[in-house]
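Enquirer: My structure is below; once you've seen it, I'll send some questions.
The values are calculated or read from the model by the stated rules, or taken from the named source; none is laboratory data. Values in this document were obtained by computation on a predicted structure and should not be read as measured data. Cβ placement follows ideal geometry from the backbone for every residue including glycine, while neighbour counts extend to all protein chains displayed.
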(Lines give C-alpha, C1' and ligand atoms only; values in the text may rest on other atoms or scores of the structure.)
Protein backbone atom coordinates (compact mmCIF):
# COMPACT_ATOMS: atom_id res chain seq x y z
CA UNK A 1 0.00 0.00 0.00
CA UNK A 2 2.76 2.41 0.92
CA UNK A 3 4.69 1.74 -2.28
CA UNK A 4 1.66 1.75 -4.56
CA UNK A 5 1.89 4.90 -6.71
CA UNK A 6 -1.90 5.19 -6.80
CA UNK A 7 -2.44 5.62 -3.05
CA UNK A 8 -2.17 8.92 -1.24
CA UNK A 9 -2.34 7.65 2.34
CA UNK A 10 -2.49 4.42 4.34
CA UNK A 11 -4.68 3.59 7.33
CA UNK A 12 -3.54 0.91 9.76
CA UNK A 13 -5.84 -1.75 11.10
CA UNK A 14 -7.34 -0.59 14.40
CA UNK A 15 -5.11 -1.40 17.36
CA UNK A 16 -5.32 -1.25 21.14
CA UNK A 17 -2.56 -0.45 23.59
CA UNK A 18 -2.34 -4.12 24.59
CA UNK A 19 -3.57 -5.73 21.38
CA UNK A 20 -6.80 -7.60 20.67
CA UNK A 21 -7.20 -11.32 21.53
CA UNK A 22 -7.65 -12.42 17.93
CA UNK A 23 -8.74 -16.01 17.39
CA UNK A 24 -8.56 -17.50 13.90
CA UNK A 25 -11.41 -19.84 14.81
CA UNK A 26 -13.84 -17.08 15.81
CA UNK A 27 -12.70 -13.98 13.94
CA UNK A 28 -13.22 -14.55 10.24
CA UNK A 29 -14.67 -13.02 7.10
CA UNK A 30 -16.38 -14.28 3.97
CA UNK A 31 -17.12 -12.90 0.51
CA UNK A 32 -20.63 -13.13 -0.90
CA UNK A 33 -22.60 -12.18 -3.99
CA UNK A 34 -24.73 -9.15 -3.05
CA UNK A 35 -27.31 -10.02 -5.73
CA UNK A 36 -28.03 -13.54 -4.49
CA UNK A 37 -26.71 -13.58 -0.93
CA UNK A 38 -24.69 -16.68 -1.81
CA UNK A 39 -21.32 -16.93 -0.04
CA UNK A 40 -18.14 -17.66 -1.98
CA UNK A 41 -16.20 -20.81 -1.04
CA UNK A 42 -14.22 -20.62 2.17
CA UNK A 43 -13.81 -18.15 4.99
CA UNK A 44 -10.71 -16.21 5.95
CA UNK A 45 -8.96 -14.90 9.01
CA UNK A 46 -5.73 -13.57 7.60
CA UNK A 47 -2.15 -14.81 7.64
CA UNK A 48 -0.42 -16.54 9.20
CA UNK A 49 -3.14 -18.36 11.16
CA UNK A 50 -4.97 -20.06 8.32
CA UNK A 51 -2.93 -19.39 5.22
CA UNK A 52 -3.15 -23.04 4.22
CA UNK A 53 -6.95 -23.15 4.41
CA UNK A 54 -7.73 -19.83 2.76
CA UNK A 55 -9.27 -20.37 -0.65
CA UNK A 56 -7.41 -18.67 -3.49
CA UNK A 57 -9.69 -17.38 -6.23
CA UNK A 58 -7.65 -17.07 -9.39
CA UNK A 59 -10.43 -16.67 -11.95
CA UNK A 60 -10.13 -13.09 -13.21
CA UNK A 61 -13.88 -12.61 -13.70
CA UNK A 62 -14.58 -13.80 -10.17
CA UNK A 63 -11.88 -11.59 -8.68
CA UNK A 64 -13.23 -8.52 -10.45
CA UNK A 65 -16.87 -9.12 -9.54
CA UNK A 66 -18.27 -6.68 -6.98
CA UNK A 67 -18.47 -9.13 -4.12
CA UNK A 68 -19.41 -8.00 -0.63
CA UNK A 69 -18.03 -9.19 2.71
CA UNK A 70 -19.33 -10.17 6.10
CA UNK A 71 -16.92 -10.38 9.02
CA UNK A 72 -16.79 -11.30 12.68
CA UNK A 73 -13.39 -9.68 13.07
CA UNK A 74 -12.47 -7.54 16.04
CA UNK A 75 -9.35 -5.40 16.14
CA UNK A 76 -5.72 -6.06 15.28
CA UNK A 77 -3.76 -8.52 17.44
CA UNK A 78 -0.78 -6.15 17.16
CA UNK A 79 -0.34 -3.51 19.83
CA UNK A 80 -0.09 0.18 19.06
CA UNK A 81 3.61 0.10 19.95
CA UNK A 82 4.14 -2.69 17.43
CA UNK A 83 2.51 -0.58 14.73
CA UNK A 84 4.77 2.34 15.57
CA UNK A 85 7.76 0.02 15.30
CA UNK A 86 6.54 -1.23 11.92
CA UNK A 87 6.13 2.34 10.69
CA UNK A 88 9.68 3.10 11.82
CA UNK A 89 10.96 0.13 9.83
CA UNK A 90 9.28 1.59 6.73
CA UNK A 91 11.23 4.84 7.00
CA UNK A 92 13.41 4.07 3.94
CA UNK A 93 10.20 3.93 1.89
CA UNK A 94 9.32 7.50 2.85
CA UNK A 95 11.67 8.75 0.16
CA UNK A 96 9.78 6.81 -2.51
CA UNK A 97 6.98 9.39 -2.61
CA UNK A 98 7.17 13.14 -2.58
CA UNK A 99 5.71 14.37 -0.37
CA UNK A 100 5.70 11.30 1.93
CA UNK A 101 2.33 9.61 2.30
CA UNK A 102 0.30 10.21 5.42
CA UNK A 103 -0.17 7.21 7.69
CA UNK A 104 -3.46 7.27 9.59
CA UNK A 105 -3.00 5.27 12.78
CA UNK A 106 -6.33 3.78 13.82
CA UNK A 107 -6.76 3.15 17.55
CA UNK A 108 -9.48 2.27 20.03
CA UNK A 109 -9.96 1.49 23.71
CA UNK A 110 -11.37 3.31 26.72
CA UNK A 111 -11.20 7.12 26.87
CA UNK A 112 -8.14 6.86 29.12
CA UNK A 113 -6.49 4.46 26.68
CA UNK A 114 -7.23 6.82 23.79
CA UNK A 115 -5.52 9.63 25.69
CA UNK A 116 -2.50 7.38 26.28
CA UNK A 117 -2.51 6.36 22.61
CA UNK A 118 -2.41 9.99 21.55
CA UNK A 119 0.59 10.60 23.80
CA UNK A 120 2.44 7.66 22.25
CA UNK A 121 1.68 8.76 18.70
CA UNK A 122 2.52 12.38 19.47
CA UNK A 123 5.91 11.46 20.92
CA UNK A 124 6.58 9.12 17.99
CA UNK A 125 5.72 11.79 15.43
CA UNK A 126 8.80 13.85 16.30
CA UNK A 127 11.08 11.19 14.79
CA UNK A 128 8.74 9.68 12.20
CA UNK A 129 9.48 10.50 8.54
CA UNK A 130 5.81 10.16 7.63
CA UNK A 131 3.05 12.67 8.34
CA UNK A 132 0.75 11.05 10.90
CA UNK A 133 -2.92 11.28 11.81
CA UNK A 134 -4.87 9.46 14.53
CA UNK A 135 -8.24 7.86 13.82
CA UNK A 136 -10.31 6.83 16.84
CA UNK A 137 -12.47 3.86 15.90
CA UNK A 138 -15.75 4.22 17.81
CA UNK A 139 -17.77 2.03 15.52
CA UNK A 140 -16.88 -1.69 15.44
CA UNK A 141 -20.13 -3.72 15.64
CA UNK A 142 -18.49 -7.03 16.58
CA UNK A 143 -17.30 -6.46 20.16
CA UNK A 144 -19.46 -8.39 22.69
CA UNK A 145 -21.06 -6.25 25.41
CA UNK A 146 -19.54 -3.09 23.95
CA UNK A 147 -21.86 -1.29 21.52
CA UNK A 148 -20.18 1.20 19.19
CA UNK A 149 -19.64 4.35 21.31
CA UNK A 150 -20.50 6.64 18.40
CA UNK A 151 -24.16 5.59 18.68
CA UNK A 152 -24.37 7.01 22.22
CA UNK A 153 -24.16 10.70 23.10
CA UNK A 154 -22.75 10.07 26.57
CA UNK A 155 -20.14 7.57 25.34
CA UNK A 156 -19.10 9.79 22.46
CA UNK A 157 -18.77 12.81 24.73
CA UNK A 158 -16.56 10.86 27.15
CA UNK A 159 -14.07 10.30 24.32
CA UNK A 160 -14.20 13.85 23.01
CA UNK A 161 -13.57 15.25 26.49
CA UNK A 162 -10.18 13.52 26.86
CA UNK A 163 -8.77 14.76 23.55
CA UNK A 164 -6.18 17.54 23.66
CA UNK A 165 -7.24 21.02 22.61
CA UNK A 166 -3.94 21.63 20.86
CA UNK A 167 -2.11 18.92 18.95
CA UNK A 168 0.08 18.79 15.89
CA UNK A 169 -1.47 15.48 14.86
CA UNK A 170 -4.81 15.57 13.04
CA UNK A 171 -7.39 13.57 14.99
CA UNK A 172 -10.55 12.03 13.60
CA UNK A 173 -13.24 9.58 14.61
CA UNK A 174 -14.52 6.61 12.63
CA UNK A 175 -18.27 6.39 12.89
CA UNK A 176 -20.74 3.56 12.32
CA UNK A 177 -23.43 3.69 9.64
CA UNK A 178 -26.25 5.95 10.79
CA UNK A 179 -29.72 4.96 9.64
CA UNK A 180 -32.00 7.75 10.87
CA UNK A 181 -31.89 11.49 11.52
CA UNK A 182 -31.72 11.13 15.30
CA UNK A 183 -28.34 9.42 15.09
CA UNK A 184 -26.88 12.27 13.05
CA UNK A 185 -28.33 14.72 15.58
CA UNK A 186 -26.67 12.76 18.40
CA UNK A 187 -23.31 13.05 16.68
CA UNK A 188 -23.54 16.76 15.91
CA UNK A 189 -24.85 17.66 19.36
CA UNK A 190 -21.95 15.75 20.94
CA UNK A 191 -19.51 17.59 18.69
CA UNK A 192 -20.97 20.92 19.79
CA UNK A 193 -21.40 20.36 23.54
CA UNK A 194 -19.23 19.07 26.37
CA UNK A 195 -19.45 17.71 29.90
CA UNK A 196 -16.43 19.80 30.83
CA UNK A 197 -17.43 23.40 31.71
CA UNK A 198 -13.79 24.50 31.59
CA UNK A 199 -13.58 23.88 27.84
CA UNK A 200 -14.01 27.18 26.05
CA UNK A 201 -14.20 25.64 22.58
CA UNK A 202 -16.63 23.03 21.29
CA UNK A 203 -15.34 19.43 21.15
CA UNK A 204 -15.40 19.50 17.34
CA UNK A 205 -12.50 21.95 17.43
CA UNK A 206 -10.29 19.06 18.59
CA UNK A 207 -11.06 17.04 15.47
CA UNK A 208 -9.89 17.37 11.88
CA UNK A 209 -11.87 14.64 10.15
CA UNK A 210 -14.63 12.04 10.27
CA UNK A 211 -14.35 8.61 8.64
CA UNK A 212 -17.73 7.41 7.37
CA UNK A 213 -18.53 4.61 7.61
CA UNK A 214 -17.63 1.37 9.34
CA UNK A 215 -19.37 -1.92 8.59
CA UNK A 216 -23.10 -2.44 9.21
CA UNK A 217 -23.61 -4.83 12.11
CA UNK A 218 -26.17 -7.54 12.87
CA UNK A 219 -25.90 -9.11 9.40
CA UNK A 220 -26.00 -12.83 8.65
CA UNK A 221 -24.94 -15.15 5.81
CA UNK A 222 -26.28 -18.68 5.39
CA UNK A 223 -24.78 -21.52 3.36
CA UNK A 224 -27.04 -24.02 1.63
CA UNK A 225 -26.12 -27.39 0.19
CA UNK A 226 -27.26 -28.55 -3.23
CA UNK A 227 -28.16 -31.91 -1.72
CA UNK A 228 -29.98 -30.59 1.33
CA UNK A 229 -32.50 -27.94 2.30
CA UNK A 230 -30.57 -27.25 5.48
CA UNK A 231 -28.94 -23.84 5.94
CA UNK A 232 -25.90 -23.20 8.08
CA UNK A 233 -24.24 -20.03 9.30
CA UNK A 234 -21.29 -19.15 7.07
CA UNK A 235 -19.23 -17.59 9.85
CA UNK A 236 -18.46 -19.08 13.29
CA UNK A 237 -20.84 -19.06 16.22
CA UNK A 238 -24.15 -17.38 15.52
CA UNK A 239 -22.64 -16.03 12.31
CA UNK A 240 -23.65 -12.43 13.01
CA UNK A 241 -21.17 -9.85 11.76
CA UNK A 242 -20.47 -6.56 10.02
CA UNK A 243 -21.28 -6.16 6.33
CA UNK A 244 -19.17 -4.19 3.86
CA UNK A 245 -18.77 -3.77 0.13
CA UNK A 246 -21.30 -2.77 -2.55
CA UNK A 247 -24.46 -3.38 -0.43
CA UNK A 248 -23.16 -0.79 2.03
CA UNK A 249 -22.39 1.79 -0.64
CA UNK A 250 -25.76 3.64 -0.81
CA UNK A 251 -25.87 3.90 2.99
CA UNK A 252 -22.27 5.13 3.11
CA UNK A 253 -23.04 7.72 0.44
CA UNK A 254 -26.05 8.90 2.41
CA UNK A 255 -23.95 9.19 5.56
CA UNK A 256 -21.23 11.20 3.82
CA UNK A 257 -23.77 13.48 2.13
CA UNK A 258 -25.71 14.11 5.34
CA UNK A 259 -22.58 14.74 7.40
CA UNK A 260 -21.20 17.16 4.83
CA UNK A 261 -24.46 19.12 4.78
CA UNK A 262 -24.65 19.26 8.56
CA UNK A 263 -21.02 20.31 8.91
CA UNK A 264 -21.32 22.99 6.25
CA UNK A 265 -24.43 24.37 7.95
CA UNK A 266 -22.57 25.21 11.17
CA UNK A 267 -19.34 27.27 11.16
CA UNK A 268 -18.12 25.31 14.19
CA UNK A 269 -18.20 22.07 12.17
CA UNK A 270 -17.31 23.34 8.70
CA UNK A 271 -13.59 22.62 9.15
CA UNK A 272 -14.17 18.87 9.45
CA UNK A 273 -13.08 16.82 6.44
CA UNK A 274 -14.78 13.53 5.60
CA UNK A 275 -13.05 10.33 4.51
CA UNK A 276 -15.66 8.38 2.55
CA UNK A 277 -15.56 4.62 3.04
CA UNK A 278 -18.04 1.96 2.00
CA UNK A 279 -18.46 -0.16 -1.11
CA UNK A 280 -16.16 1.68 -3.52
CA UNK A 281 -14.63 -0.69 -6.07
CA UNK A 282 -14.34 1.37 -9.26
CA UNK A 283 -14.05 4.89 -10.61
CA UNK A 284 -17.81 5.47 -10.51
CA UNK A 285 -17.93 4.67 -6.80
CA UNK A 286 -15.01 7.01 -6.20
CA UNK A 287 -16.73 9.81 -8.12
CA UNK A 288 -19.94 9.32 -6.16
CA UNK A 289 -18.10 9.62 -2.86
CA UNK A 290 -16.38 12.80 -3.97
CA UNK A 291 -19.64 14.16 -5.37
CA UNK A 292 -21.39 13.95 -1.98
CA UNK A 293 -18.57 15.60 -0.07
CA UNK A 294 -15.75 13.16 0.72
CA UNK A 295 -12.35 14.85 0.63
CA UNK A 296 -10.65 11.45 0.43
CA UNK A 297 -11.91 7.95 -0.34
CA UNK A 298 -10.84 4.71 1.32
CA UNK A 299 -11.67 1.10 0.59
CA UNK A 300 -11.11 -2.33 2.06
CA UNK A 301 -13.37 -5.00 0.52
CA UNK A 302 -12.14 -4.30 -3.01
CA UNK A 303 -8.56 -4.31 -1.70
CA UNK A 304 -9.15 -7.72 -0.15
CA UNK A 305 -10.61 -8.95 -3.42
CA UNK A 306 -8.22 -7.46 -5.98
CA UNK A 307 -5.13 -6.39 -4.02
CA UNK A 308 -3.37 -3.07 -4.51
CA UNK A 309 -4.11 -3.18 -8.24
CA UNK A 310 -7.57 -1.86 -7.38
CA UNK A 311 -6.09 1.59 -6.73
CA UNK A 312 -4.39 1.68 -10.12
CA UNK A 313 -7.62 0.49 -11.72
CA UNK A 314 -9.62 3.34 -10.15
CA UNK A 315 -6.95 5.85 -11.14
CA UNK A 316 -7.28 4.58 -14.70
CA UNK A 317 -11.10 4.80 -14.51
CA UNK A 318 -11.07 8.46 -13.49
CA UNK A 319 -8.18 9.28 -15.83
CA UNK A 320 -6.24 11.14 -13.15
CA UNK A 321 -4.50 10.73 -9.83
CA UNK A 322 -6.87 10.30 -6.90
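Enquirer: Looking at segment 149-180 only, could you name the residues that are without any contact (Cβ under 8 Å) to a residue 12 or more places away in the chain and out of contact with any helix residue (DSSP H, G or I) (no Cβ under 7 Å at 6 or more places or on another chain)?
Expert: 154, 166, 180
Enquirer: Evaluate segment 239-246: report whether one residue or more is farther than 23 Å from residue 67 by Cα, touching a helix residue (DSSP H, G or I) at 6+ places or on another chain (Cβ under 6 Å) and modelled with pLDDT of 95 or more. So that I can check it myself, show each step before the final result.
Expert: Restricting attention to segment 239-246, the residues satisfying the condition of being farther than 23 Å from residue 67 by Cα are none.
Among the residues of segment 239-246, not one is farther than 23 Å from residue 67 by Cα, touching a helix residue (DSSP H, G or I) at 6+ places or on another chain (Cβ under 6 Å) and modelled with pLDDT of 95 or more, which makes the answer no.
Enquirer: Looking at segment 250-269, is at least one residue surrounded by 16 or more Cβ atoms within 10 Å (Cβ to Cβ), in contact with a strand residue (DSSP E or B) (Cβ under 9 Å, 6 or more places away or on another chain) and closer than 23 Å to residue 29 by Cα?
Expert: Checking segment 250-269: at least one residue is surrounded by 16 or more Cβ atoms within 10 Å (Cβ to Cβ), in contact with a strand residue (DSSP E or B) (Cβ under 9 Å, 6 or more places away or on another chain) and closer than 23 Å to residue 29 by Cα.
Enquirer: Now for a different question. Tally time: how many residues in segment 76-110 are more than 17 Å from residue 7 (Cα to Cα), free of Cβ contacts under 8 Å to residues at least 60 places away in the same chain and surrounded by 17 or more Cβ atoms within 10 Å (Cβ to Cβ)?
Expert: 2
Enquirer: Pairs only if they're at least six apart or on different chains, beta carbon under 8 angstrom, first in segment 234-249 and touching a residue at least 12 places away in the same chain (Cβ under 8 Å), second surrounded by fewer than 17 Cβ atoms within 10 Å (Cβ to Cβ) and outside any strand (DSSP E or B); list them, first residue then second.
Expert: Filtered contacts from segment 234-249: 236/25; 236/26; 237/26.
Enquirer: It is to be established whether one or more residues within segment 172-181 are part of a helix (DSSP H, G or I) and either buried (at least 18 other Cβ atoms within 10 Å of the Cβ) or within 20 Å of the chain's Cα centre (by Cα) (or both).
Expert: First, the residues of segment 172-181 that are part of a helix (DSSP H, G or I): 181.
Those still in the list that are either buried (at least 18 other Cβ atoms within 10 Å of the Cβ) or within 20 Å of the chain's Cα centre (by Cα) (or both) too: none.
Checked against the condition, which is being part of a helix (DSSP H, G or I) and either buried (at least 18 other Cβ atoms within 10 Å of the Cβ) or within 20 Å of the chain's Cα centre (by Cα) (or both), segment 172-181 yields no hits at all.
Enquirer: Give me the residue from segment 184-216 that is more than 22 Å from residue 116 (Cα to Cα) and touching a strand residue (DSSP E or B) at 6+ places or on another chain (Cβ under 9 Å) and, out of that set, surrounded by the fewest Cβ atoms within 10 Å (Cβ to Cβ).
Expert: Among them, the one singled out is 216.
Enquirer: Related question: Can you give me the ranges of the helices (runs of 4 or more DSSP H) entirely in segment 259-322 with at least 2 residues that are free of Cβ contacts under 8 Å to residues at least 60 places away in the same chain and more than 21 Å from residue 248 (Cα to Cα)? Please lay out each step first, then the result.
Expert: Values: elements: 283-291, 301-306, 309-318.
Here the list reads 309-318.
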